[in-house]
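The block underneath contains the structure these notes are about, expressed in C-alpha cells.
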Amino acid sequence: FCTKLLSGRVMRQQQSKTSMRLLPRTLAIVLFVGGHGISSAFDIGAHKITDAMAAVYTPMKSGGFELDLSIIPMYAAFLAKRNITNVLPAGSNGESLSLSVAERKALAEAWGAAAAQHGLRIYMHIGSESIVDSIDLAKHASNTPGISGIMAMTPVYFKPSVEGLHDFLSAIAASVPKMPLWFYHFPDDTGVLPGQAHKLLELAEKTGNIPNLVGIKFTDYNLMDFQLCVHAGTGKYNMLYGRDEQLFAALELGAAAGVSSTIQYAPSLRQVCTKWKKGDKDGARNAQQANAALCSVFGDFQGDENVQKNIMRMVGMNVGPSRLPKRDLDVAAYKQLETRLRSANLIDGSCSEHIVV
C-alpha cells in the first residue's frame, strides 16, 4: 500500500510539472479562441475618426433607375474644396437599401478610385436585410483599394434584439477581421434599439466577440444614450454623431466628430467643427444655431421627398434624381425652398469659388 501511495504521489508530481510547462501555451490558446487575444491585436485607436464626415448622395441618371458613376470624381473634388476628407457612401442619404448589391459594389469601387486623387478616406455602409449580402459587401469593401472602413446598419424588417444585433455584427466583423467596423445607429428610421445603443457596446465588451468594432455612427436625439456610449469600455469607442442640428451638444459630451449631410452644401456645420476645435465655443454655438435654422427650413419641405439631395443641385453639385420610393421636389417647391434658403444666407453659393470652410 505504501509503495502504491508513493508511486501515485510521484506520478501526480510529474503530471503537475508537465501541466505547469503547458500552462502558458494553454492560456494563449484559450485567450485567442475566446476573442480577447484578437481584441488586443486590433488597434482601435489607429482607426478612430476625428474629423467631420460627409454622408454623401448616390448619383443617379434620369429616372433614378441607373447609377451615374461618372459624377463621382467631380463629387470628390467638390468635397475636397470644402476640406472634407471622410466620406460615407451608401448610407441613408445614399439610398442604400434601394440599391442592389452589384450597384453598391460599383459605388464602392468608384469612390475608392477617387479617394487617392483627392485625399479622401472612404467608409462604406454595408448593412442590409441579409447577413449574406452584408458579409459579401464587407469582403468586397475590404478588397477594394481606397476603402478605409465599413459601417453596418441593423436589419429593419426582422428587427433584432440587442443579442441578435450583436451576433449579426459579430458575423460581419469576423468575415473581415482587419477591417474597422462601426455600428450605424439610426433608430428613428430602423426602429431598433431606441435609447439602448449603449447596451450593444456593453455586450460587445462582455463577449469580446467583435474585436474590430471601433465605435458607433450615432444618429439619434437621445443624448443620455449617447453619453452612456461615450463611457462604455472605459471610453475606448469612437463615437460619431449624426444629428447635424445637435452636433455642438454631442461634441461637448465627447463625440469625436460629426457625420453630416449639411456639411456638403452649407457653411454652418463646417464652422461648428472648426470653431469648436479651436476652442471658440461661443462661435461654435452661434454656428450651431444657424445650422438649426437651416434644418428647420428644409424640414418644412420633407415628407417622402429627398429634399437635401435637391439642395445639392442648388449649390452646383447636381447628383441627379432620387430613386423610388424617395421622390424629388416639384419645380414650384424647389424654387420656394431655394428662395428661403438664399434669403437667409443658409447655403453655399452655386459657384465653389467662395466657400466658407
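Each value in this text was obtained by applying a stated rule to the coordinates, not by laboratory testing. Remember, it's a predicted structure, so these values are computed and weren't measured experimentally. When we count neighbours, we look across all protein chains shown, and the Cβ atoms used for this are built from the backbone with ideal geometry, even at glycine.
DSSP beta bridges fully contained in the chain are about 5 percent antiparallel. Around the Cα centre of the chain, unit charges on the Cβ atoms of Lys, Arg, Asp and Glu (plus for the first two, minus for the last two) sum to a dipole of about 1680 debye. Against the chain, whose longest principal axis comes from its Cα atoms, helix 281-299 is set at around 70 degrees.
Measuring r between the beta carbons of Tyr221 and Asn83 and using R0 = 25 Å, the FRET efficiency lands at 0.35.
For the stretch 144-181, applying the loop criterion from DSSP together with a ceiling of 10 other beta carbons within 10 Å to the chymotrypsin sites (Phe, Trp or Tyr not before Pro) yields Tyr157, Phe158.
Spin-label model, Thr339/Ser70: points 7 Å from Cα along the beta carbon direction are separated by 3.5 nm. Straightening the chain between Ser62 and Ala332 buys 95.3 nm, computed as 0.36 nm per residue apart minus the Cα-Cα spacing.
On the principal axes of its alpha-carbon atoms, the stretch 136-252 has extents of 37, 30, 30 Å, going from largest to smallest. Simple spin-label estimate for Ala174 and Thr207 gives 0.9 nm between the two label positions (7 Å along the Cα-to-Cβ direction from each Cα).
Only beta bridges with both residues in the stretch 48-162 are counted; by DSSP, about 10 percent of them are antiparallel. With bins 10 Å wide beginning at 0, the percent of Cα pairs of the stretch 192-337 falling in each bin runs 11, 33, 30, 21, 5, 0.
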